[in-house]
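The values are calculated or read from the model by the stated rules, or taken from the named source; none is laboratory data. Quantities reported herein were computed from a predicted structural model and do not represent experimental measurements. Cβ placement follows ideal geometry from the backbone for every residue including glycine, while neighbour counts extend to all protein chains displayed. These accessible areas exclude ligands, DNA and RNA; they are computed on the full protein's heavy atoms, side chains included. Shrake-Rupley method; radii C 1.70, N 1.55, O 1.52, S 1.80 Å.
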Amino acid sequence: MKTNDPEIQIDIPENTSDRWQNIVDIMAELIGVPAALIMRLVETDIEVFVSSRSDGNPYHPGDHEKFFGSGLYCEAVIEANDRLLIPNALADEKWKNNPDIQFNMISYLGFPIVLPDGKAFGTICILDNKGNAFSKTYIDLMENFRDIIQSQLELIYMNSLLGEENKNISDYLEEIKILRGIIPICSFCKKIRDTEGNWSEIETYVSKHSEAQFSHGLCPKCAKQHYGDITENA
């Protein structure tokens, strides 16, 4: 599973995080657990992004741990890119010493949340302070909530990409507009006059107003005119 990179981070609008808050609150109430969370990868950490406002929830937005080697339930979900169900960590040799035991969170159900580019965003999960195998109905409910979140992330992600592309397109259109305008150029030396009245070499003017870069060479006519002897003997 590809984990997120710092430059990939996307901003979640406030109205979207408010919807996610409603989702975790509904999950905690319907399933009857003390904690429902949306976790997010931030650089090398994993943090609580949204936490249910439920009684007995020991997790708070902004709580974070180093991701790799954390031993958290959510690390396993992201690494495997798959659902993880732990009915009772105390009865499971692999999980009986995991960090969430300190909060008495001994049962867990979590799903990975993935960005459209295949990188991990985080997880959506519920935790209980008593043994809980979680029914198929609850599993299906959480999976559907996860799908809703991923759909919203896809829109945010694509809007972000389109915004950057539109910015680049606008820059290019401005360059074309400048170069296609009526450019005052000297009939003899071919220097160009800018809007401030200064005269510049054509290379300088074009490089300044576009992303074009110049490399110099000789056309066949000039090569023959100025270096005729050399080219003929080459």
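Miscellaneous remarks
- Residue match in the range 102-110 (condition: modelled with pLDDT of 95 or more and of a type in the set (Ser, Thr, Tyr)): yes
- Contact map, the range 24-48: first residue in contact (Cβ under 8 Å) with a residue 24 or more places away in the chain and open to solvent by 20 Å² or more (accessible area, probe 1.4 Å), second residue outside any strand (DSSP E or B) and among the charged types (D, E, K, R), Cβ cut-off under 8 Å, separation 6 or more or different chains; pairs are Asp25/Arg53.
- Selection of the range 129-148 for residues being in contact with a Phe, Trp or Tyr (Cβ under 8 Å, 6 or more places away or on another chain) and crowded, with 21+ Cβ neighbours inside 10 Å yields Met142, Arg146.
- Conditions (1) within 24 Å of the chain's Cα centre (by Cα); (2) under 18 Å from Ala133 (Cα atoms); number of the one not met by Leu72: (2)
- Flag if Asn88 is at pLDDT 95 or above and under 27 Å from Asn159 (Cβ atoms): no
- Answer from Leu173, Leu141, Leu153 - the residue that is in a helix (DSSP H, G or I), closer than 21 Å to Ser54 by Cα and modelled with pLDDT under 95: Leu141
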